[in-house]
1. When the helix-only estimate is applied to the chain (DSSP H runs of n ≥ 4, each -39,500 (n - 2.57), divided by the residue count), what is the mean residue ellipticity at 222 nm, nearest 500 deg cm²/dmol?
2. Under 5 Å between amide hydrogens, which residues at least 5 positions from Leu217 or on another chain qualify, with H placed 1.01 Å from N in the peptide plane?
3. Compute the distribution of all C-alpha to C-alpha distances in the range 185-327, in bins of 10 Å from 0, and list the percent of pairs in each, rounded to whole numbers.
4. As a test, work out the antiparallel percent of DSSP beta bridges whose residues both lie in the range 6-320, rounded to the nearest 5.
5. Quick one: of the DSSP bridges fully inside the range 28-178, what percent are antiparallel, nearest 5?
6. Given a Förster distance of 22 Å, report the FRET efficiency between Arg53 and Asp80 from their Cβ-Cβ distance, rounded to the nearest 0.05.
7. Please give me the summed charge of the neighbours of Pro197: other residues whose Cβ is under 10 Å from its Cβ, Lys and Arg +1, Asp and Glu -1.
8. Over the range 18-107, with a single point scatterer placed on each C-alpha, what log10 of the ratio I(q)/I(0) does the Debye formula yield at q = 0.19, 0.23, 0.26 1/Å?
Amino acid sequence: MKRLEPEQLLTPAMRSVVSAIARAERSPFYSMTPRQARATYELGAGVLELPVRNSALIKDFTIPARDGHALPARLYLPRDARPSEMPWPTLVYFHGGGFTIGSIATHDVLCRELSHAADCAVVSADYRLAPECKFPTAAHDAWDALQGLVAIATTLGLDRHRLAVGGDSAGGTLAAVCAILARDAGLPLVLQMLIYPGCAAHQDTRSHHTFGHGFVLDEPSITWFFNQYIRTPADRNDWRFAPLNAADVDGVAPAWLGLAECDPLVDEGLQYADKLRAAGVAVDLEIYRGVTHEFIKMGRAIPEALKAHADAAQALRHAFGIDIKGK
């Protein structure tokens, strides 16, 4: 049987998006300053997203980091709730962007969709970006945001006993880190929702070579992102950068992983799923065929994004003990 070229693995819809990106001849992030890259990402973040869904409540607030910095956060509720339905089960979500770009605003639509589909509260928690704030600031901020939210959960109408963490790409890394820290701190989480997370110290897997160019996220951009974030090469080996390097993951929260087949990060996501399973952690793994990194935010164009929204929501509803058949 003739072996398919990597480009032939893409779905027709995904191939169309990749072709459109190539035709646009957009300057790569690694050719920009971090400030320019953030502005460019923000401008394009909603192009392929679903229309903005109305939420019953959106509340912006801040959570103090360990050094006193005010971390922005945004609470989404899917509908008005009767007092008997309170408090809300809650997903704490960390946006992606290579620790360098991305924000609550760039992931607003995704958080609205997850809140609606899972019938839960979502708190989108921001963290400070590189290169202004180097490793391990993002990991510290994510953990501080989670702990800070637990402390004020009752005042926000949130259920501190039905709490999940999640994120995409670098945000998935931060969610995995928080799941390990939560275990160590005795903070029970019902789920860690990891969407194509970065898990490895180095870009040396087969998928990094196979999908490193022409598949939305390319190797020069990954290298640029990481070089903004790390202080020295030794930081790459720290488990807070690469959860695969964690000494053990025994007893961490059950995991739902959503990976993209045509993504440089897919192999390390699979390796992390294997590490969790080997430690006895329940793992629900979904690999979305023929799509690339960032597909979860392309619901207007990529059917697999809608499937991933539904799958992630179902995992959340199951973890929260919400009736999956209906609301």
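All of the numbers you see were taken from the coordinates with simple rules; none came from a lab. Everything numeric here is computed off the predicted structure, so don't read it as measured data. Please note: Cβ atoms are built from the backbone with ideal geometry, for glycine as well, and neighbour counts cover all protein chains shown.
1. Value at 222 nm, helices only, nearest 500: -11000 deg cm²/dmol.
2. Amide H to amide H, under 5 Å and 5 or more residues apart or across chains, Leu217 pairs with His293.
3. With a bin width of 10 Å, the distribution comes to 11, 37, 36, 15, 2.
4. Values: 12 of 38 bridges.
Taking every DSSP beta bridge within the range 6-320, about 30 percent pair in antiparallel fashion.
5. Working: 12 of 22 bridges.
Percent antiparallel among DSSP bridges in the range 28-178 is about 55.
6. Values: r = 15 Å, r/R0 = 0.68.
Using R0 = 22 Å, I get an efficiency of 0.90.
7. Numbers: positive: none; negative: Asp168, Glu268.
Surrounding charge for Pro197 is -2.
8. For the range 18-107 at q = 0.19, 0.23, 0.26 Å⁻¹, log10 I(q)/I(0) is -1.08, -1.30, -1.42.
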